[in-house]
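Working notes, structure below.
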Amino acid sequence: MEMAGITKDELRIIRSYLPPYLPRLTLITVLSIICAFFEAVSLGALVPLLQLMERQPDPGGTLWGFLKGFYQAIGVNLTLINLLVLLAFLFLLGQIILYAKKALQVNLRVRFVADLKKRFFNEVLHADIAFHNLQKPGSYLNVLITEADSAGYGLFAALELLTDLFFIAVYTAMLLYISVELTLLSIGIALMSFSLLNFVLRRSTVYGRALVEWNTIQNEFLSERFNLLRLIKTSSTERRESDRFSRICDEYQNAHAHYGVNGISVEVIFQSVIFILAVVVLAVSLEIFHVPLAMLLVFLFILVRITGPLRDFNSRRHELARDIPSLRKYHQLLTAALEGQKLRNGTRPFSGFQQEITLDQIDFSYPEGPPVITDLTIGIRKREMVALVGPSGGGKSTIADLIIRLVDPDRGAIRIDGIDLRKFDLESYHTHLGVVSQDIFIWNDTVLHNICYGGNSVSEKGAIEAARIANAHDFIRELPQGYNTMLGERGVNLSGGQRQRIALARAIYKRPEILILDEATSSLDSESEQTIQRSISEIRKNYTIIAIAHRLSTIENADRILVIDRGRLLEEGTHGDLIQSSGAYAKYHALQYGIRP
């Protein structure tokens, strides 16, 4: 496939995706060969046809002998009309087979693109959170929306390329049959032109890769900026961001223009070569080889026919110069997602716990980063409310991620009733886990479906019960359609406190064993904070609660408060005990309440 502009590494990538489609690919290949065979027979019959038109009674020759024997075998005379009927039949049958082949190719391309998208989405969803933290915004959408489609078209172009090669081989064989000398002359001119075309097509590869890269940059830029519209508006940087996008657009359009103009160059060079070839063949055949008129007409007719596959062959090489980099881009991110699935799922179903969650001598650090958690050992009893406090960056949210099992410790183990957390099936474990964070995620869906998300079923009765516990039922009833109200993208139709209560209701709806509140009130006003605090107070005896908070007022009534700094446990106790000890917690408390030490 080097002649098609595909490297060995790219060919290896293509082959890795083909096994599920081999039966269809084989059928398409067989149909391509049959189409080429019918084309050969149809062209071969042109010589006897012209001989009959010249009223030659028995001109002889291999083709004439073959057709005469065929007609005698079916009991029909070899006449001009009968030969025309045969040619019409072969042409129509060939077109039917060609239609079937192309229909199979289109269906295969569509299925291939859909399978690429489904596989990519699935693997990305299963990748660890550490992998997602390293990805640029918009990279997923770029692959799913743009690169997967281009990769599918690349497969389609490669299949058509194979068909073109079959037809070129058939036409070349027919040309050799008519005149070896003229065919060798034509092949010599074609090979010289291919050298020039290869140079132009190498530039198509360069422009194609640039096109993919700038398209990726454009999509990532747009995704990030649309997610940061509030920051852009509050910073009044609209002009600056607009100028940045203009530069990216210019680079993308330049790459697109270079790629398109290079494709025009391929077509112009090809047409010029074909014209020169026809003139040279006509002159040489008449002046040097003195080819009979009937044979010359058939030779020129085949030469005209071969220009179609040759033109398509070069055009598809140009298309592959853009599509193969798309497949490579897709493959790179898919491979990264597969490598990012480091968490291994356990097999033991989780149905709850009876005694304690234990973090035993835990060490953890992010890739190429300093230690976040160091030799941490803590225990959390069933139905206990434990609060984690401490400075920002001290490791509190990382402890929550470890308990949720978004990440695994580098050393030590998390055990539930003495069983290593890694032995539990993640899906069954997360079913018994409720999480509310400061970053509230609201789907562009109804209130009902937002509350029920993550549960085993959708129950309006259960959603209302969870909303009552979360002190959300009253404001939900006042919405235009109540629980059937659409909330808009990221819950734009709700206040911060309302979004927080919807998130708390979602966590409660699952009736979890463990409820994790990660800065659940950090961005709320005092009234909303008090509402959430009231909700937590009402449910605290029903769940094992792990609360992370900067506002100490939200966790003063916790059963135990753990002060975490630089991944280590500094002190623990009740609010009153820690105030009396005059340690780190007492200093945080005095600072927040403006109390002089």
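Every number in this text was worked out from the coordinates using simple rules, so none of it is lab data. Computed from a predicted structure; not experimentally measured. Glycine also receives a Cβ, built like all others from the backbone with ideal geometry; neighbour counts cover every protein chain displayed.
So what is the relative contact order of the chain, in percent, for Cα pairs below 8 Å that sit 6 or more residues apart? It comes to 14 percent, rounded to a whole number. Dividing the summed -39500 (n - 2.57) terms of all DSSP H runs of n ≥ 4 by the residue count of the chain sets its mean residue ellipticity at 222 nm at -21000 deg cm²/dmol.
Residue 584 sits among other residues whose Cβ lies under 10 Å from its own Cβ, and their net charge, with Lys and Arg +1 and Asp and Glu -1, is -1.
Projecting the Cα atoms of 431, 592, 266 onto the charge dipole of the chain (Cβ charges, centred on the Cα centre) puts 431 farthest toward the positive pole. Can you tell me how region 340-414 classifies by the Cα gyration tensor, rounded, prolate or oblate, using a/c under 1.5 as the rounded cut? The shape class here is oblate. Modelled label positions at residue 132 and residue 242, each set 7 Å beyond Cα in the direction of Cβ, lie 3.4 nm from each other. Which of rounded, prolate, oblate describes region 441-511, given a ≥ b ≥ c as roots of the alpha-carbon gyration tensor eigenvalues and a/c under 1.5 marking rounded, otherwise prolate only if a/b is larger than b/c? Rounded. Only aspartates and glutamates eight or more places from residue 8 in sequence, or on another chain, were considered; those with a Cα closer than 19 Å are 319, 323. Near residue 200: Cβ cut-off under 11 Å, other residues only, Lys/Arg at +1 and Asp/Glu at -1. The net charge is +2. Here the residues 360, 401, 323, ranked from fewest to most Cβ neighbours within 10 Å of their Cβ, fall in the order 360, 401, 323. By the count of neighbouring beta-carbon atoms within 10 Å, fewest first, 199, 112, 66 end up ordered 199, 66, 112. Only beta bridges with both residues in the chain are counted; by DSSP, about 50 percent of them are antiparallel.
A simple charge model with +1 on the Cβ of Lys and Arg, -1 on the Cβ of Asp and Glu and nothing else charged puts the dipole of region 441-511 at about 240 debye relative to its Cα centre. Distance between the C-alpha centres of region 450-516 and region 342-405: 27 Å, rounded to the whole angstrom. Among the listed pairs 117/329; 382/510; 118/510; 118/423; 118/329; 541/587, those with a Cα-Cα distance over 21 Å are 118/510; 118/423; 541/587.
Neighbours of residue 136, meaning other residues whose beta-carbon lies under 11 angstrom from its beta-carbon, give a summed charge of -2 when Lys and Arg score +1 and Asp and Glu score -1. Counting beta carbons within 10 Å around each of 166, 364 and listing the fewest first gives the order 166, 364. As a size descriptor, the averaged projected area of the C-alpha convex hull of the chain was calculated at 38.5 nm².
For region 162-214, what does the alpha-carbon gyration tensor say about shape, rounded, prolate or oblate, given a ≥ b ≥ c as the root eigenvalues, a/c under 1.5 as rounded, and a/b over b/c as prolate? Because a/c hits 1.5 or more and a/b fails to exceed b/c, region 162-214 counts as oblate. For the listed peptides 80-87, 374-381, 494-501, a ranking on the average number of other beta carbons within 10 Å per residue, highest first, reads 494-501, 374-381, 80-87. The packing ranking of peptides 299-307, 537-545, 502-510, 349-357, highest mean first, is 502-510, 299-307, 537-545, 349-357, where packing means the average number of other beta carbon atoms within 10 angstrom of each residue.
In a reduced charge model with +1 at each Lys and Arg Cβ and -1 at each Asp and Glu Cβ, the chain shows a dipole moment near 480 debye about its Cα centre.
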